[in-house]
Each structure stands twice: as C-alpha cells, then as structure tokens.
C-alpha cells in the first residue's frame, strides 16, 4: 500500500486515531512519572488535552484542512492541562499552521509541519530541558526533513520518523539522570509517540476506533442554547429496574447447598445480589425486572418480612431531574452574580488562586483571593478553566497564582486568550509560595513592581510535601517501596520511611537552616485534627528554635504540606 497525499478526511481520521492511541495508554504513561506519587498525571493531562481537540475535530462534518487546523489548535489550546498538555497543544499549533490552506498534504509539507511544531513548542517553554517530550519532537522533526528527501510515500515516511522517535525516546534516560535512576523513559515523550503511532494506524488503513464521546455535529452544537438543560433522561443503562429487599424467616430446611441454589436462581433473574444467612433468617437484596419471581422462590424456604421494592428507573429520573434543576439554578445564580459584578465599576486588581481542600480555599479567600479554581497536584486545571475564572474577576489587572509548577504554562497560555484585562501570572510552584505571594501584595505598587515583590518573597519559602509511594523506584539515591511515606522538597526527595511521623520529622529537619523562623503545617483530608496536633507537638519538641503553626488544609493525597520561612 502506498499513500502519496493525505486529504482532509484522512487527516481527520489520523488525528482521531492518534487521540484514541494516547487515551488507550493513559495509565501506562502515568506510571512512567519519575516521582511515584499517587497523582502521576502526564498521561491524564495529555489525554485530556488531545481529547478536548478530538471532540472538536470529530464534530466537523465536512472537513477541510482549514477547519481541521482550527479545531485541533483551538481545542487543544483551551483543553491544555499540565506542562505536558501545554507542550502537546503547542506542537499541534505549530503543525496546523503548516497544513492550513492546503487541499492535500504530502511528505514535504508533513516534514515542514514537524519542524514548525517543534519550533513552536520550544518557544513556549521558558527553559527547555533536553531528555523530554521536546527532545523527542525535535529528533523526529530532524528525521522528517531527512526522509522527505528520500521518499514521497507518506507511509514509508511515517514509519521511519516513528522508528527514529522511539530511538530518541529510548535515549532520554541518558540525557536526564533522574530518568535513568528511576528506570523510565520520559513520560511526555512516550505520550507523543502514542499519538503518532495511533495516527499512523489511521493513515495506513488499519481498523481503529475513532469514536469520541460527546462529539456533536457543528450544526447541532451551534443550534443548542448555551447552558440549556437536556430533557432526555437516559435510563437505558439500568438493566434491572426494581431494587428488591426482604428477609426470609426460615421454616424449611436451608443449608449451604440451598443457599447456592437460591443465589443461582437470583442470578438468572437479576444482579447486585446479596444473600446473607444468619441462623433462622436470610437477608436478601437483588435488582430484578420481576420482583414477584424472587419473592415466589423465597417463599419456598419460609415466610417473608421487611419487604421493600423500589423502582430504580423512577428514582433515577427523579434524581436526574433534581440534578438538572439544581445545576440550572446554580448556573443562573452564577450568571446573575457575574452580571452583577460586570455592572459594578472594575476594581484595579483581582486574584485567582488554584487550590484544592476546603481549608486551603478558606485561607486563600481570607487573604484576598477573588476566585478559586479547584485543582492542583491531583487535577491540573485547563487553559479554558483559567479563562473562565478570569471572566469572573471584574478587575483591570488579574493575578493568577497557579501554586503548582505543572499549571504555570496553562496559566501563561490563558493570557493570550484574554484581551480586555491585564493578566499577570505569578509563577508560584507550591501552595505555601502562593500564600506568601498574595500576603505580600502591595496595593500602591504598579503591577510590575508587585510581581517582582511577590516573586522575591515567595522565593524565601521552602515547601515540603508528605505523601505515599505507589510503586518501587530509586530517586536521589533513596530506595523507595510501594506504600512508603515520602517527603518531597522543592528540588527532590528529602526523606522516606515506613512511618508518617518519622518521614515528616526527617523532612522538616532537611528543610531547616539557621535562618528558618516560622514553620506552617497544613494537614490533609486523610489526617484527623488530633493526629495533626500530636505531630505538631512532636515537631515543636524536636525543633524548639522555630515557631510551628498548624492549619487545616483539607488537601487530598498529601498528608501534610510544610512551609518553612
């Protein structure tokens, strides 16, 4: 089989196949993250980014290169999450600039598209690091230019470029020692390879699934009113409609064989079966379309009591209706609030903070945050989330505190999608940095002076994060086993042990120096107030020369966040 040119229809299929190729390997890519934390999310971020574009691409009914380029670029830009997702969106942005305006694409155009994609992605990253997704992209771009001089067959071209991409990916541990020590290749680079391999399958005619959930034709999507609630209530997934419960008061012989026979019968007429025997009674729960059959069978063992039959389809409909009404009310209230805010004179400045956990949210609100974006280490918000948040802050200058190094690029991208406000991204990499930055905002200073002050002050803060390991690995010469408790600092591993208390003490010890004065401990959702207070007392006992404060953070995954100033 030979393919000389790619038309818009084939390009659409290739992109969707690439998106599905990445989605299928999402969890595997997550596991390649160097730090074995329970929120390793490169695969998730890249998948959510490309699927945002895939939904727009799938909705294009009669594709042209122009319409595909717009859908890919816009969809991935707005859906970009995390550094890997933002870089992927920039690769797509550069690629689509090259194919736009073409009727068909040949190997020469594809080679230039690879080059343009790489150049665009490198420009988006302030300090590009080799041994990452950028290195893999550049290696393939260089190879693409070389192969384009040797063949005009798209499939031969694609095969050789992908083969070289795999080679460059295999060399990433030699470029980044941290990858080599952890025994993994770069996760972002692996994600990019999955996209290209999926796309190649689509180009080569391989039977691939390119269905994308929630994709609607553009014409249909455009005709729907914004925010309208659907009146279609789907109950088709409820296979058995009646939740049936009762107790059998045993009056006839009932042994282990009888129980197996009874369960087998219930399985033939329903699911979600629970049969619990206790002396002379049997507690029964089953979902079925004919409760009478279950009851008749049960009566062969004795009399029945505490009978309860609920129509789950009816309950489901009521819940869906109630949920739709609640969401509509919330949306209306949000819109009214936003309209009221727009009607008021603009403030000179406002603040958006990315945070997760009720306690941390209250802290940010208490020190001046106008709007909170829920997210952080466990779920990186998208560029579109940032843009939506900016719309809710009625201010001339809006400061964004990402509070995570993996969110800064998405925040930076949002700046280019907003025209009527000055957007300043404060590059806070941790929650303690964000809190310090916001506290040090000075209203009388210019936006530029404030950014300089906030960056300077948050640079004095050290952050430690206490969590658990999800796999065995070696990092910073520390051997880590699944289930161990890890202390992670601003620049790597600080401590590891099987004890939460010991790891926390060792982490703080590694963070303190002669200039340290104040330690703030934020305890997470998996820690009780009593345990947090006991640990804080232990820390104060071990480190009497610093003041230690305890705050409820409520953050998931991380038992404690520690701030040292």
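So which residues in the stretch 388-409 are part of a helix (DSSP H, G or I) and buried (at least 19 other Cβ atoms within 10 Å of the Cβ)?
Residues satisfying the conditions are 389, 390, 408, 409.
Any idea which of 160, 108 is touching a helix residue (DSSP H, G or I) at 6+ places or on another chain (Cβ under 6 Å) and crowded, with 17+ Cβ neighbours inside 10 Å?
160
Take residue 87 and decide whether it is surrounded by 23 or more Cβ atoms within 10 Å (Cβ to Cβ) and in the same structural domain as residue 193 (by TED's automatic domain parsing).
yes
Within the stretch 30-38, is even one residue modelled with pLDDT under 90, within 19 Å of the chain's Cα centre (by Cα) and either assigned to a helix (DSSP H, G or I) or over 25 Å from residue 472 (Cβ atoms) (or both)?
yes
Before we move on, is residue 489 out of contact with any helix residue (DSSP H, G or I) (no Cβ under 7 Å at 6 or more places or on another chain), under 20 Å from residue 469 (Cα atoms), at pLDDT below 95 and surrounded by 13 or more Cβ atoms within 10 Å (Cβ to Cβ)?
Criteria not met by residue 489.
Kindly check whether there is at least one residue in the stretch 17-27 that is surrounded by fewer than 24 Cβ atoms within 10 Å (Cβ to Cβ) and free of Cβ contacts under 8 Å to residues at least 24 places away in the same chain.
Within the stretch 17-27, one or more residues are surrounded by fewer than 24 Cβ atoms within 10 Å (Cβ to Cβ) and free of Cβ contacts under 8 Å to residues at least 24 places away in the same chain.
Could you tell me whether residue 60 is surrounded by fewer than 23 Cβ atoms within 10 Å (Cβ to Cβ), in contact with a strand residue (DSSP E or B) (Cβ under 6 Å, 6 or more places away or on another chain) and in the same structural domain as residue 188 (by TED's automatic domain parsing)?
Against the criterion (surrounded by fewer than 23 Cβ atoms within 10 Å (Cβ to Cβ), in contact with a strand residue (DSSP E or B) (Cβ under 6 Å, 6 or more places away or on another chain) and in the same structural domain as residue 188 (by TED's automatic domain parsing)), residue 60 does not qualify.
Which pairs have Cβ atoms under 6 Å, sit 6 or more apart or on different chains, and link a residue in the stretch 413-430 that is at positive phi to one that is modelled with pLDDT of 95 or more?
none
Out of all the residues in the stretch 463-474, which are in contact with a helix residue (DSSP H, G or I) (Cβ under 8 Å, 6 or more places away or on another chain) and closer than 22 Å to residue 555 by Cβ?
463, 464, 466
Can you tell me which of 174, 130, 156 is out of contact with any strand residue (DSSP E or B) (no Cβ under 8 Å at 6 or more places or on another chain), assigned to a loop (DSSP other than H, G, I, E, B) and either in the same structural domain as residue 43 (by TED's automatic domain parsing) or more than 28 Å from residue 58 (Cβ to Cβ) (or both)?
Criteria check complete, one pass: 130.
Determine whether residue 460 is surrounded by fewer than 21 Cβ atoms within 10 Å (Cβ to Cβ), in contact with a helix residue (DSSP H, G or I) (Cβ under 8 Å, 6 or more places away or on another chain) and at pLDDT below 95.
Spelling it out, residue 460 is indeed surrounded by fewer than 21 Cβ atoms within 10 Å (Cβ to Cβ), in contact with a helix residue (DSSP H, G or I) (Cβ under 8 Å, 6 or more places away or on another chain) and at pLDDT below 95.
Residue-by-condition table, conditions (1) touching a residue at least 24 places away in the same chain (Cβ under 8 Å); (2) assigned by TED's automatic domain parsing to the domain that holds residue 30; (3) within 25 Å of residue 9 (Cβ to Cβ); (4) part of a loop (DSSP other than H, G, I, E, B):
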position	(1), (2), (3), (4)
137	yes, yes, no, no
152	yes, yes, yes, yes
164	yes, yes, no, no
178	yes, yes, no, no
199	yes, yes, yes, no
212	yes, yes, yes, yes
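Restricting attention to the stretch 521-529, does a residue exist that is surrounded by fewer than 17 Cβ atoms within 10 Å (Cβ to Cβ) and more than 28 Å from residue 436 (Cα to Cα)?
Within the stretch 521-529, none of the residues are surrounded by fewer than 17 Cβ atoms within 10 Å (Cβ to Cβ) and more than 28 Å from residue 436 (Cα to Cα).
Is it the case that some residue within the stretch 422-436 is in a loop (DSSP other than H, G, I, E, B) and either surrounded by fewer than 17 Cβ atoms within 10 Å (Cβ to Cβ) or assigned by TED's automatic domain parsing to the domain that holds residue 532 (or both)?
No, the conditions are met nowhere in the stretch 422-436.
Against the condition closer than 30 Å to residue 447 by Cα, at pLDDT 70 or above and out of contact with any strand residue (DSSP E or B) (no Cβ under 9 Å at 6 or more places or on another chain), how does residue 344 come out, does it pass?
When the stated conditions are applied, residue 344 passes them.
For the stretch 527-555, which residues satisfy the criterion of being closer than 20 Å to residue 495 by Cα and either in the same structural domain as residue 403 (by TED's automatic domain parsing) or under 26 Å from the mean Cα position of the chain (by Cα) (or both)?
Matches in the stretch 527-555: 527 only.
Return the only residue of 448, 412, 452 being outside any loop (DSSP other than H, G, I, E, B) and under 21 Å from the mean Cα position of the chain (by Cα).
From the options 448, 412, 452, the qualifying one is 412.
The values are calculated or read from the model by the stated rules, or taken from the named source; none is laboratory data. Because the structure is a prediction, the values reported are computed rather than measured. A quick note on method: Cβ atoms are made from the backbone with ideal geometry, for glycine too, and the neighbour counts reach across all protein chains shown.
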